[in-house]
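First up is the structure itself, then whatever we jot down about it.
Computed from the coordinates by the stated procedures, all read-outs in this text should not be read as laboratory data. Not measured: the values here are computed from a predicted model. Ideal geometry is used to build each Cβ from the backbone, glycine not excepted, and the neighbour counts take in all protein chains shown.
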Amino acid sequence: MKIIRYSKLLKTFFSCFVFLAFASCASFTPYKVPILQGNIFEEDDIEKLTQGLSKEQVQFIFGTALVKDPFHPNRWDYYYSIKVGTEFLAESKLSILFNEKELVDSWIVENIEEEN
């Protein structure tokens, strides 16, 4: 009699365990690490950018440019993206143009939004 109760209790416990294991796996989403790529720049960094800054000063503020085109030596491009899983949280591009004296002439900031 005791063996039958123990067996029934064990079956019930095992059934509940299997059910909970499958239920938890079905709703479980694994942690997705944010992936930061490029030179992260913020609004404060862009506010520091003024006409007349030298290339060295720009490099001190933003770091080494991601793209230094040999065909356009007076243009530096900075790009960054923040991605979690397959979703882009932020994506931005900054192009800085220098004049003949290698001083900042102008810049363009593009906040890239993915079209859904």
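Run lengths n ≥ 4 of DSSP H only: what is the helix-derived mean residue ellipticity at 222 nm for the chain, with -39500 (n - 2.57) per run over all residues, to the nearest 500? All intermediate terms of the calculation are to be shown ahead of the outcome.
Values: 3 runs with 40 residues, N = 116.
-11000 deg cm²/dmol, from helical runs alone.
Charge dipole (Cα centre; +1 on Lys/Arg Cβ, -1 on Asp/Glu Cβ; no other charges) of the chain amounts to roughly 1680 debye.
With θ taken as phi - 60° and the Karplus curve 6.51 cos²θ - 1.76 cosθ + 1.60 applied, the whole-hertz 3J(HN,Hα) list for segment 101-109 is 8, 6, 10, 4, 9, 7, 8, 10, 10 Hz, x standing for glycine and proline. Since only Ile46, Ile35, Gly63 are under comparison, the one whose Cα sits farthest along the positive direction of the charge dipole of segment 19-82, derived from C-beta charges on Lys, Arg, Asp and Glu, is Ile35.
Using the Cβ-Cβ distance between Glu110 and Gln59 with R0 set to 30 Å, the FRET efficiency from 1/(1 + (r/R0)^6) comes to roughly 0.90. Shown in residue order for segment 38-54 are the 3J(HN,Hα) couplings computed by the Karplus curve 6.51 cos²θ - 1.76 cosθ + 1.60 at θ = phi - 60°: x, 9, 6, 10, 10, 4, 4, 5, 5, 5, 6, 6, 9, 5, x, 6, 7 Hz (x for Gly and Pro).
Karplus-based coupling profile of segment 74-80, in residue order and whole Hz: 9, 9, 10, 10, 10, 9, 8, with θ = phi - 60° in 6.51 cos²θ - 1.76 cosθ + 1.60 and x standing for Gly or Pro. Among (i) 49; (ii) 25; (iii) 18, which one is percent of Cα pairs over 26 Å apart computed from these coordinates? So the structure-derived entry is (i).
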